[in-house]
Amino acid sequence: MAELTNLESKLGEVVGLALAAQEATQKVAKLASEGGDEKVVGTLDRMHDEAKETAERGTEVAGSFEGKKTAILDEAREVKQKAQEMMKSYLDQASDALDGFEFLTMAEAGEVGHWEILGTLNERAGKSEVKELVDWALPIQKRHLETVRSTSLELASEEDPNETS
């Protein structure tokens, strides 16, 4: 397998996180739907679609690295698997929509950080394809973070703080 540079490895990581985000948004949409929180399901569906497009665009950019696409996508699969394991640990049978949005808040914060790091690494690398991808994806990731954060707070405000769990 080809050895990856820091930039190529980080590209694999953001693609992997986008792949994992597709599964996470579906899981949290199911929790929200089960809890009667239908108003957030549409938002989660949009986030899922944007994560899918992000993964597709990232995969396309991975193809621009001569002889490295397979290795970059192997990195993406490893990161996706790690993220799935974290989600399975965090969200169990007793989880509700608030638990799901708390998990998404952590996940989206991580994604924002990874995208910012990819952009910083690319400042020296100067890959135009990576710059275009970061310029497109970072605002979406920041919006996702704000959306899940505000939804978490909204759901928390509806909770009875004195109820036992």
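Nothing in this text is a laboratory measurement; each read-out follows from the coordinates by a stated rule. Bear in mind that the values here come from a model prediction, so they are computed numbers and not experimental data.
Helices that extend 20 Å or more along their long axis by alpha-carbon positions and average at least -0.5 on the Kyte-Doolittle scale are, among the DSSP H runs of the chain, 6-34, 97-125, 128-157. Bridging of K10 to lysines at a Cα separation below 16 Å is possible for K68, K69, K80, K82, K127, K131, once same-chain residues fewer than 8 apart are set aside.
Scaling the Cα radius of gyration of segment 106-165 by the globular reference 2.2 N^0.38 Å produces a ratio of 1.60. Each principal axis of the chain carries a Cα extent, and these read 56, 27, 23 Å when sorted largest first. Every helix of 4 or more DSSP H residues in the chain counts as -39500 (n - 2.57), and over all residues that averages to -29000 deg cm²/dmol at 222 nm.
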